[in-house]
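Q: Pasting in a structure now, in structure tokens, and then I'll have a few things to ask.
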Amino acid sequence: MIDATLPTDTPANERVQPTIKFLQQPTCPEWIDQALQNLDTILLDHSHCERKAAGVAVNMMFRYPSYTKLVRTLTAIAREELEHFELVNQWLDRRDIPMAPLPAPPYGSKLSAQVRRDEPERLLDMLLVSGLIEARSHERLGLLAQHLPDPELAKFYRSLMASEARHYGAYWVLATTYFEVDEVTARLQELATVESELLASLHPHPRIHS
């Protein structure tokens, strides 16, 4: 899925970024350089991201308790996100990075602002926004796995990629379970356009979704 043979010292403007399903534009090469230069901050933000992802799944379960397939699917996702949260926190301990709050980039809040207020459109948008965030996480964790100079940390990030891919696939399956495929596809295109526009300019503060 991601070419692991590309040297980490390849100039940013010469790197070819992978194509990830659902994402309209790949991450800009400058993000890789920013992330590698601020790795402790990226690891701390990654911890926050895993915690938030678990919270999103749990909150959706509480909002839609009668949707049996949704509840079962998101139970598994929440459990796995919390497992990843613990694993990332172990890396924070190893690198003596204290747990601390971080100001969030505008990515998540502005993407969530696209969620329509009325049902059933709200459910569709929540599933697709969650899927897009998981897809971007899959891409960026893969880029870290490819470019990190620490082979052990790179291996850790490679180990997370498959689950991130499962997660965004699971949100797609849920969307097409409760809505017609044509409606899901059309709305996904709209939201994916916004998602790519939000990342068109590199955020000054290094984050997983900056």
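Q: Just to be sure I understand, how many residues within the stretch 82-109 are touching a residue at least 60 places away in the same chain (Cβ under 8 Å), in contact with an Asp or Glu (Cβ under 7 Å, 6 or more places away or on another chain) and open to solvent by less than 30 Å² (accessible area, probe 1.4 Å)?
A: Of the residues in the stretch 82-109, 1 are touching a residue at least 60 places away in the same chain (Cβ under 8 Å), in contact with an Asp or Glu (Cβ under 7 Å, 6 or more places away or on another chain) and open to solvent by less than 30 Å² (accessible area, probe 1.4 Å).
Q: Here is a follow-up. Among the numbered criteria (1) of a type in the set (Lys, Arg); (2) part of a helix (DSSP H, G or I); (3) under 24 Å from PHE179 (Cβ atoms), which one does ARG79 miss?
A: (3)
Q: Of these, SER66, SER130, SER112, which one is within 19 Å of the chain's Cα centre (by Cα) and either surrounded by fewer than 21 Cβ atoms within 10 Å (Cβ to Cβ) or not polar (S, T, N, Q) (or both)?
A: Going through SER66, SER130, SER112 in turn, just one is within 19 Å of the chain's Cα centre (by Cα) and either surrounded by fewer than 21 Cβ atoms within 10 Å (Cβ to Cβ) or not polar (S, T, N, Q) (or both): SER112.
Q: Does the stretch 69-81 hold any residues that are acidic (Asp, Glu) and either modelled with pLDDT under 95 or open to solvent by 30 Å² or more (accessible area, probe 1.4 Å) (or both), and which are they? Let's see the steps before the verdict.
A: Our first condition is that a residue be acidic (Asp, Glu); within the stretch 69-81, this holds for 80-81.
Passing the criteria: only GLU80.
Q: Does the stretch 136-159 hold any residues that are touching a Gly at 6+ places or on another chain (Cβ under 9 Å) and open to solvent by less than 60 Å² (accessible area, probe 1.4 Å), and which are they? If you could, list the steps in order and put the result at the bottom.
A: Filtering the stretch 136-159 for residues touching a Gly at 6+ places or on another chain (Cβ under 9 Å) gives 157-158.
Correct list: TYR157 only.
Q: Moving on to the next point. Among LEU144, LEU132, which is at pLDDT 95 or above and closer than 18 Å to PHE85 by Cβ?
A: Result of the check over LEU144, LEU132: LEU144.
Q: A further question follows. In the stretch 17-75, which residues are touching a Leu at 6+ places or on another chain (Cβ under 7 Å) and part of a loop (DSSP other than H, G, I, E, B)?
A: Result: PHE22, THR27, CYS28, TYR64.
Q: Ok, one more. State which residue is nearest to the chain's Cα centre (by Cα) when the search covers only the stretch 143-197 and only residues that are among the acidic types (Asp, Glu) and in a helix (DSSP H, G or I).
A: GLU164
Q: What's the number of the condition SER210 fails, among (1) at pLDDT below 95; (2) farther than 24 Å from ALA104 by Cα?
A: Going through the list (1) at pLDDT below 95; (2) farther than 24 Å from ALA104 by Cα, SER210 breaks only (2).
The values are calculated or read from the model by the stated rules, or taken from the named source; none is laboratory data. Keep in mind that what you see is a predicted model, and the values were worked out from it rather than measured. Cβ coordinates were reconstructed from backbone atoms using ideal geometry, including for glycine residues, and neighbour counts include every protein chain displayed. SASA here: full protein model, heavy atoms, side chains in, ligands and nucleic acids out. Shrake-Rupley method; radii C 1.70, N 1.55, O 1.52, S 1.80 Å.
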